[in-house]
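The values are calculated or read from the model by the stated rules, or taken from the named source; none is laboratory data. Model, not experiment: these values are computed from the prediction. Here the Cβ positions follow ideal geometry from the backbone for every residue, glycine too, while neighbour counts run over all protein chains shown.
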Amino acid sequence: LSAKHVAAGVLGVAAVYGAFVWLLGVSADAVSGFVGVILGGGLVALTQTFNAASERRNQMRLAAIDRRLDSSQEAFRLWRKLLTSVHKRDQIGDVVLECQDWWERNCLYLDPDARKAFNLAYMAASNHSDLLADRRNPNTLEFAKENWNNIKAAGDAIVKGAALPSIGDLEHELIGGGPRKGGPA
């Protein structure tokens, strides 16, 4: 509610109060009691409406959490499949299409950074072999390295996007990140 709405409500209540007391000769105590009942009922209704809307939003958020976690897990699985297929010309096209199809149906459930990184990874994987084929051109080789880094970066973005608490440095090694700097070798 804005200040204008509150002011209008107060003026309206004052006008009704004055009209009942002055024009109709109803006692001030009776009008005060009536106005109190109306205001109290209005506040209860407003509070219940606000609480119901808040409860619906919370239920939607909780339902979305499960879907977001499932989507992050599936994105991670597809990313791993992409990594293992990127140098296999007979497989990469199908894997890229699978990633693209999945992304189109599920991208809104991913964290924005994970969404962008996953999309960039499968697009980069689609032409990575072609970039490696032209090793004579130093510009192409540099672009191939950058392309590979885009493919690899999606894994960390997906894990971070899931926002699950870490279970330790070993977790990072197990998913292909290697040992963390300053961690066990």
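Data table
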read-out	value
Any pair with Cβ under 7 angstrom, 6 or more apart, that starts in the stretch 85-97 at a residue that is surrounded by 13 or more Cβ atoms within 10 Å (Cβ to Cβ) and ends at one that is not in a helix (DSSP H, G or I)	92/86
Which listed residue is in contact with a Cys (Cβ under 6 Å, 6 or more places away or on another chain) and either among the aliphatic types (A, V, I, L, M) or surrounded by 14 or more Cβ atoms within 10 Å (Cβ to Cβ) (or both), from 115, 68	115
Sole residue being at pLDDT 70 or above and either aromatic (Phe, Trp, Tyr) or over 30 Å from residue 162 (Cβ atoms) (or both), chosen from 21, 31, 37	37
All helices (runs of 4 or more DSSP H) inside the stretch 69-185 with 1 or more residues being at pLDDT 90 or above and hydroxyl-bearing (Ser, Thr, Tyr)	112-126
Single match in 98, 104 (criterion: touching a Lys or Arg at 6+ places or on another chain (Cβ under 9 Å) and under 23 Å from residue 161 (Cα atoms))	98
The stretch 116-131, residues that are without any contact (Cβ under 8 Å) to a residue 40 or more places away in the chain and of a type outside the set (Ser, Thr, Tyr)	119, 120, 123, 124, 127, 130, 131
